[in-house]
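A.B. asks: Pasting a structure below so you can have a look.
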């Protein structure tokens, strides 16, 4: 069901949009009136999502995108701009969890793999979209960080470092571009039931006990679902959040309140 209004006629790029949180963000933005550029390395799932959005009355198109490759980023931004004449929303969602080893056991290649996608990817997409937002006179950049951009834990060191970087990048760009009408905010999910969390729990052992343990980490007593995050992103993409920039939207079931 398509609703007029909340992001009507905005042009949004969502990275890592084929699955999980990115998929839900693309669905909600399209449902509320935005054209959505669904971008991901997962082509089959991305194209299926575009078909689903269109069947539900929304407007979307798929582009293959590895966010760590500057030539692909610049090419996709150019293509979206040429197709729609503007870009006003960027959801930097693409990310990987990476290896789960103590710091002293991590190889440079393993470290770089996470940083190239989670940090450099945010930088490259922001770098190439900002000029289009400056031309449009307004824009909203929403960077997916994590609870682990605010606090840490005894696992996945590269992931935690990457999400801390995303938090500070968001604040810096908020300061740099605020006077030119571009808002930049970070979103900090707790554990959300996504393919990434599912595979992380599976790798840790028994799925059912892993899920129960993850539920117990949150004062609300359960992990979140993808729409819990997507509605926060929709708010930040919309004019309802016109006075919100450089902010951290924490959607974590109370995890970081402990």
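Computed from the coordinates by the stated procedures, all read-outs in this text should not be read as laboratory data. Small disclaimer: the values here were computed from a predicted structure and weren't measured. Don't worry about glycine lacking a Cβ; one is built from the backbone with ideal geometry, like all the others, and counts go over all protein chains shown.
A.B. asks: Kindly provide log₁₀ I(q)/I(0) values, in the same order as q = 0.08, 0.14 Å⁻¹, from the Debye equation applied to equal alpha-carbon scatterers of the chain.
C.D. replies: -0.29, -0.91
A.B. asks: Want the number for residue 64 to residue 109: 0.36 nm per residue separation, take away the alpha-carbon distance, what's left? If you can, show how the numbers build up before the last one.
C.D. replies: Values: separation 45, 0.36 × 45 = 16.20 nm, distance 2.38 nm.
Additional length available on full extension: 13.8 nm.
A.B. asks: How much length, in nm to one decimal, is gained on full extension between residue 213 and residue 155, taken as 0.36 nm per residue of separation minus their Cα-Cα distance?
C.D. replies: Details: separation 58, 0.36 × 58 = 20.88 nm, distance 1.53 nm.
Separation in residues times 0.36 nm, less the Cα-Cα distance, equals 19.4 nm.
A.B. asks: Angle check, please: helix 20-31 long axis (alpha carbons) against the longest principal axis of the chain (alpha carbons), in degrees 0 to 90, nearest 10.
C.D. replies: Roughly 30 degrees, rounded to the nearest 10.
A.B. asks: In deg cm²/dmol, rounded to 500, what helix-only [θ] at 222 nm does the chain give when every DSSP H run of at least 4 residues adds -39500 (n - 2.57) and the total is split over its residues?
C.D. replies: Values: 9 runs with 116 residues, N = 258.
Result for the chain, helices only: -14000 deg cm²/dmol.
A.B. asks: To continue, here is another question. How high is the FRET efficiency from residue 56 to residue 176, r the C-beta distance, R0 22 Å, rounded to 0.05?
C.D. replies: Numbers: r = 37 Å, r/R0 = 1.67.
The value I calculate is 0.05.
A.B. asks: Stick to the Cα atoms of region 8-109, pair each with every other, and give me the Kirkwood hydrodynamic radius in Å at one decimal.
C.D. replies: Details: mean 1/r = 0.0708 Å⁻¹.
Kirkwood radius, region 8-109: 14.1 Å.
A.B. asks: Take every Cα-Cα distance within region 105-231, group them into 10 Å bins from 0 onward, and report for each bin the whole-number percent of pairs it holds.
C.D. replies: Going from the shortest bin to the longest, the percentages are 12, 35, 33, 16, 4, 0.
A.B. asks: For the chain, take the longest principal axis of its alpha carbons; what is the angle in degrees between that and the long axis of helix 70-84, to the nearest 10 within 0 to 90?
C.D. replies: Roughly 40 degrees between the two axes.
A.B. asks: So what's the angle, to the nearest 10 degrees on a 0 to 90 scale, between helix 121-136 and the longest Cα principal axis of the chain?
C.D. replies: 20
A.B. asks: Percent relative contact order of the chain, based on C-alpha pairs within less than 8 angstrom and at least six residues apart? Please list the in-between numbers first.
C.D. replies: Details: 531 pairs, mean separation 50.0, N = 258.
Rounded, it is 19 percent for the chain.
A.B. asks: Give the Rg/Rh ratio for region 43-178, taking Rg as the radius of gyration of the Cα atoms and Rh as the Kirkwood radius, to two decimals.
C.D. replies: Result for region 43-178 is an Rg/Rh of 1.01.
A.B. asks: Still on this structure, I have one more. Between residue 227 and residue 199, with labels modelled 7 Å along Cα→Cβ, what's the label distance in nm to one decimal, could you check?
C.D. replies: For residue 227 paired with residue 199, the spin-label model returns 2.6 nm.
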